[in-house]
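Here the structure is laid out as structure tokens; the discussion comes afterwards.
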Amino acid sequence: MPRPLRATIHLDSMQHNLARVRECTPGAKVWGVVKANAYGHGLERGMRGFAGADGLALIETENAVRLRELGWTRPVLLLEGIFDASDAPLLSKYNLNSAVHCLEQIAILEQASFERPIDAHLKMNTGMNRLGFRPDQFQAAWRRLRAIPAVREITLMTHFANADELEHPRLTVREQVRRFCTGADGIDGPRSLSNSGGVLHQAELDAELSNDWVRPGIMLYGGTPGGKAAADFGLLPTMTLSSEIIGVQEIVAGDNVGYGSRFQAEGPMRIGVVACGYADGYPRHAPHGGPVVVDGLRSTLVGRVSMDMLTVDLTHIPNAGVGSKVVLWGAGLPIDEVANAAGTIGYELMCALAPRVQVAEGELAAHG
Ligand SMILES: *Cc1c(COP(=O)(O)O)cnc(C)c1O
């Protein structure tokens, strides 16, 4: 009998969320972002869940090749481009689109020989100050890239720092779009700007922001980049982490629970022990009182999360006992809510799902 902890991936929800992207940004083509093992869902499952996407985008060169081996025939985009000259031939061999964000990458493309033309995505740094050419360097970079005979289409891209918060006091999406338009003035080519935050706020930004391609990640996985609830955007969870109660302790006032004896009971309580801990990817920083669902009912974490187990309050759920179903996140418990409680974001929880967790596939409805 395997440990009852399981991550169930809902391919039906992935399809639904992709349809939501298309509703938010009609007319734009969609890169389904499948970096980081499809945000913890598995690359191959990402490919199947987003089979309706116009292309798949990721970071890892070896996984881009893997997508081709798995039979993905539509575009593939390397969001950070290549890391080394030895990767350049892969671009034409496997027909990979490549971001180009620095002069060193342009120099590699100038020196490389390609068996077929390649498509590039020239990246502008519009205030994120991570990757890309500054707006005032962009035209020169574009001309140099344009002069490479093997380069076919050049898409113009940038990345938003604060698309989840439209009125961000330091840097707004509108300001980034303004810088982008200034830097790209007079250059032809498809535009690719929006991440999930941009897609979700397209309606408010419609006057300023237009995309030929969008690059949503987290919203495809039923999470949001900001504080708002995914359900408010019509998104469905794509990963349910579930387990069972494997032990129960009846405690009385003055008893403590777990490492550090961090929690002390003020009265009689029933404590359920759940087979899930930080070695499974559950955040160790999740606080006492953090949310959990037992047999369909809301409950809370008690004391500290340990490596293989965590403890929950069953006092108000008298029928719960060994074998009761526990949802850690997903169906009935938004991952963003669990992440917020633990001081992190849903992205991190999904991506940190540990290899020892069994992964299955199943429809959301069967868990809801
Ligand atoms: C990860 C990534 C995205 C997706 O971001 P989300 O916030 O998950 O939508 C888009 N573009 C680039 C360049 C990325 O690295």
Practice item. Grab the Cα-Cα distance for Arg146 and Glu175, subtract it from 0.36 nm times how many residues apart they are, and report the gain in nm with one decimal. Key: 7.7 nm
Practice item. Assign unit charges at the C-beta atoms only (+1 for Lys and Arg, -1 for Asp and Glu), then state the dipole size of region 28-76 relative to its Cα centre in Debye, rounded to the nearest 20. Key: 140 debye
Practice item. Note the direction-averaged projected area, equal to a quarter of the hull surface, for the Cα convex hull of region 60-109, in nm². Key: 3.1 nm²
Revision key, fill the gap. Rounded to 0.05, the calculated FRET efficiency for the beta carbons of Val248 and Ala19 at R₀ = 56 Å is 0.85
Review point. Size of the chain along its principal axes in angstrom, Cα-based, largest extent first?
Key: 76, 44, 36
Review point. Between region 108-165 and region 225-245, what's the alpha-carbon centroid distance in Å?
Key: 34 Å
Practice item. Work out the FRET efficiency for Ala231 and Tyr94 from their Cβ-Cβ distance, taking R0 = 45 Å, and round it to the nearest 0.05. Key: 0.75
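Before rounding to the nearest 500, sum -39500 (n - 2.57) across all DSSP H runs of length at least 4 in the chain and divide by the residue total; then give [θ] at 222 nm in deg cm²/dmol.
Value at 222 nm, helices only, nearest 500: -7000 deg cm²/dmol.
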**Study point:** Assigned charges on the beta-carbon of Lys, Arg, Asp, Glu; the chain dipole about Cα centre (debye)
**Key:** 480 debye
Review point. What GluC sites (Glu not before Pro) in region 234-341 are in a loop by DSSP, with at most 11 other Cβ atoms within 10 Å of the Cβ?
Key: Glu266
Exercise for review: Could you list the GluC sites (Glu not before Pro) in region 95-140 that lie in coil according to DSSP, counting only those with at most 10 other Cβ atoms within 10 Å of their Cβ?
Suggested key: Glu115
Review point. Rounded to a whole number, what is D in µm²/s for region 11-227 from Stokes-Einstein with the Kirkwood radius over alpha-carbon pairs (10 °C, 1.306 mPa s)?
Key: 91 µm²/s
Review point. How many angstrom lie between the C-alpha centres of region 292-326 and region 337-368?
Key: 17 Å
Practice item. Write down the accessible area per residue of region 225-368 in Å², having rolled a 1.4 Å probe over the full set of protein chains. Key: 46 Å²
Check your understanding: Along the charge dipole of the chain, Cβ charges K/R +1 and D/E -1, which of Ser261, Gly189, Leu364 sits furthest on the positive end?
Key -> Gly189
Review point. When only C-alpha pairs under 8 Å and at least 6 residues apart count, what is the relative contact order of the chain, in percent?
Key: 18 percent
Study note, to complete from the structure: Across the chain, qualifying lysine pairs (alpha carbons under 23 Å, at least 8 places apart or different chains) come out at 4
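Across region 144-204, how large is the tail of the calculated P(r) beyond 15 Å, expressed as a percent of all Cα pairs?
55 percent
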Study note, to complete from the structure: By the mean-Cβ-within-10 Å protection proxy, highest first, 169-176, 45-52, 73-80 rank as 45-52, 73-80, 169-176
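How much length is gained if the chain between Ala352 and Ala203 is pulled fully straight, taking 0.36 nm per residue apart and subtracting their Cα-Cα distance, in nm to one decimal?
Details: separation 149, 0.36 × 149 = 53.64 nm, distance 3.22 nm.
Here the answer is 50.4 nm.
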Practice item. Could you check how much of the accessible area of the chain is carbon and sulfur, as a whole percent, using a 1.4 Å probe? Key: 51 percent
Study note, to complete from the structure: Answer in debye to the nearest 20: the dipole magnitude of region 139-225 about its Cα centre, from +1 Lys/Arg and -1 Asp/Glu charges placed on Cβ, is 520 debye
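The values are calculated or read from the model by the stated rules, or taken from the named source; none is laboratory data. These numbers were taken from a predicted model, which means no experiment stands behind them. A quick note on method: Cβ atoms are made from the backbone with ideal geometry, for glycine too, and the neighbour counts reach across all protein chains shown. Ligands, DNA and RNA are excluded from the accessible area calculation, which covers all protein heavy atoms including side chains. Shrake-Rupley method; radii C 1.70, N 1.55, O 1.52, S 1.80 Å.
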